[in-house]
Amino acid sequence: MSLIVDTFGRTVEYLRLSVTDRCDFRCVYCMSEDPCFLDREQVLSLEELAWIGQAFTELGVKKIRLTGGEPLVRTDCDQLVKLLGQLPGLKELSMTTNGSRLSKFASKMHEAGLSRLNISLDTLKPELFTQLTRNGNLERVIQGIDAAKAAGFKRIKINAVILRGQNDDEVLDLIEFCRERELDIAFIEEMPLGIIDERKKSRHCSSDEVKAIIGQRYPLSVSDKRTGGPARYYTMPGSSIHVGFISPHSNNFCHECNRVRVTVEGRLLLCLGNENSVDLKAIVREYPGDIARLKQAILEGIKHKPKEHHFGPEGDTQILRFMNATGG
């Protein structure tokens, strides 16, 4: 049982741990076109990341997801996977990736002990893919998805952010792509993090709208599948895959939040939609090896975890940090 319980009685068992703020894409909902990245001395080393992971697992966290930026930009990430995979009590070690480097690293990450993958894919149109990512190559990502399946990863999940007037006409195409390859998929409402010019246009597409599109071809039935995250899952006839919906606008899930984030700068973010945080890097570097002090800072910080986020219905920006600096 986790010892990390906030003032609203919610138990934290899930850590999203960012390994880098850098990325080889510049997705329009994630960062600006010309981002400023952190200097090397500002980011946590692999050993520091593993030390923080150990503190959380000793406090009862059972699931860690590695995020970025793009985690595989950090080419020694498999070493971190090995360190974290040895932690007693950790039941699942997963990663969110854009898939661009999976052809090279999928086998290495699987052999190192990574158990699950979430892969971002918002469109199957090559030109639109390059437009949305500002420089990505769709074929390379699809090759990466196939490489991950060949490497032995099971229940791979595709993450798709649906934007009105940009890729909302591809919902069924994405469903068919996932049915063909036996991939789970989660449709995500855009989150208003960072000031991004493209967001000034009204492009919010709700989970209910996406469900309605899918329902034109496949009736959806509620599933009892739970992954420890905020997605609500459904099944379809003629397929074993699950279709999830993450709805920070239309179906606030804060009342059952069981997760926190640690940025690659070592800041413990207590809520995706709030700026309050705790500087764990200062403790790790001033008191190396003192895990009791680190755990105490985590427990003190949890007392300030807010009740809920307040994302505006029109996508108003309330959080100035970009998603790549937050940790997906």
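Straight-line reach from LYS211: which lysines have a Cα under 19 Å away, not including same-chain ones fewer than 8 places off? Qualifying lysines at Cα under 19 Å: LYS157, LYS225. Remark: spin-label model distance LYS104-GLU92 equals 2.9 nm, labels positioned 7 Å along the Cα→Cβ axis.
The spacing between segment 131-181 and segment 217-242, judged by their C-alpha centroids, is 17 Å.
When the chain is treated as a GNM with alpha-carbon contacts under 10 Å, the residue of ILE246, ILE185, ILE175 showing the greatest mean-square fluctuation is ILE175. For segment 13-106, the set of trypsin sites (Lys or Arg not before Pro) satisfying both a DSSP loop assignment and a count of at most 11 other C-beta atoms within 10 Å is empty. Taken over the chain, the percentage of Cα pairs per 10 Å bin, counting from 0 up to the bin with the maximum distance, is 6, 27, 37, 25, 6, 0. Centroid-to-centroid, using Cα positions, segment 258-279 and segment 44-106 are 16 Å apart.
Looking at the square roots a ≥ b ≥ c of the eigenvalues of the Cα gyration tensor of segment 32-117, which shape do they give, rounded for a/c under 1.5, prolate if a/b is larger than b/c, or oblate? Since a/c reaches 1.5 but b/c is at least a/b, the shape of segment 32-117 is classed as oblate.
Ordering GLY89, VAL260, VAL43 by the projection of their Cα atoms onto the charge dipole of the chain, which places +1 on the Cβ of Lys and Arg and -1 on the Cβ of Asp and Glu, puts GLY89 at the extreme positive end. For the chain, the longest principal axis of the Cα atoms and the long axis of helix 171-181 meet at an angle of about 70 degrees.
When the chain is treated as a Gaussian network with alpha carbon springs shorter than 10 Å, the biggest mean-square fluctuation among ASP279, ASP21, ASP208 belongs to ASP208.
Keeping the other protein chains in place, figure out the carbon and sulfur percent of the accessible area of segment 1-145, with a 1.4 Å probe. Carbon and sulfur together cover 48 percent of it. Simple rule: put +1 on each Lys or Arg Cβ and -1 on each Asp or Glu Cβ in the chain, find the dipole, and look at LEU59, ALA148, PRO288; the Cα lying farthest toward the positive end is LEU59. Per-residue 3J(HN,Hα) values for segment 46-54, derived from phi via the Karplus relation 6.51 cos²θ - 1.76 cosθ + 1.60 with θ = phi - 60°, read 4, 5, 5, 4, 5, 5, 5, x, 5 Hz in sequence order (x marks Gly and Pro).
In a simple Cβ point-charge model (Lys, Arg +1; Asp, Glu -1; nothing else charged), segment 1-137 has a dipole of about 460 debye relative to its Cα centre. Picking from PHE177, PHE187, PHE105, which is most flexible by a Gaussian network model of the chain using Cα springs under 10 Å? Of PHE177, PHE187, PHE105, the most mobile in the Gaussian network model is PHE177.
Here the sum of -39500 (n - 2.57) over DSSP H runs of 4 or more residues, divided by the residues of the chain, equals -8500 deg cm²/dmol at 222 nm, to the nearest 500.
Rolling a 1.4 Å probe over the heavy atoms of the protein chains gives the chain an accessible area of 43 Å² per residue. Charging the Cβ of each Asp and Glu at -1 and of each Lys and Arg at +1, and nothing else, the dipole of the chain about its Cα centre rounds to 760 debye.
Between GLU180 and ALA282, the contour length at 0.36 nm per residue exceeds the alpha carbon distance by 31.9 nm. Pairs over the 27 Å Cα-Cα cut-off, from the set LYS82/LYS307; LYS63/LYS104; LYS108/LYS305; LYS154/LYS281: LYS82/LYS307; LYS108/LYS305; LYS154/LYS281. Please identify the cysteines of the chain that lack any partner cysteine with a Cβ under 4.7 Å from their own Cβ. CYS23, CYS36, CYS77, CYS178, CYS205, CYS254, CYS257, CYS271 - these cysteines have no disulfide-compatible partner (Cβ-Cβ under 4.7 Å) in the chain. Taking every protein chain into account, the 1.4 Å probe leaves GLU286 with about 120 Å² of accessible area, to the nearest ten.
The values are calculated or read from the model by the stated rules, or taken from the named source; none is laboratory data. Source: prediction; values computed, not measured. Positions of Cβ are backbone-derived with ideal geometry, glycine not excepted, and every protein chain shown enters the neighbour counts. Calculation scope for accessible area: heavy atoms of the full protein, side chains included, ligands and nucleic acids excluded. Shrake-Rupley method; radii C 1.70, N 1.55, O 1.52, S 1.80 Å.
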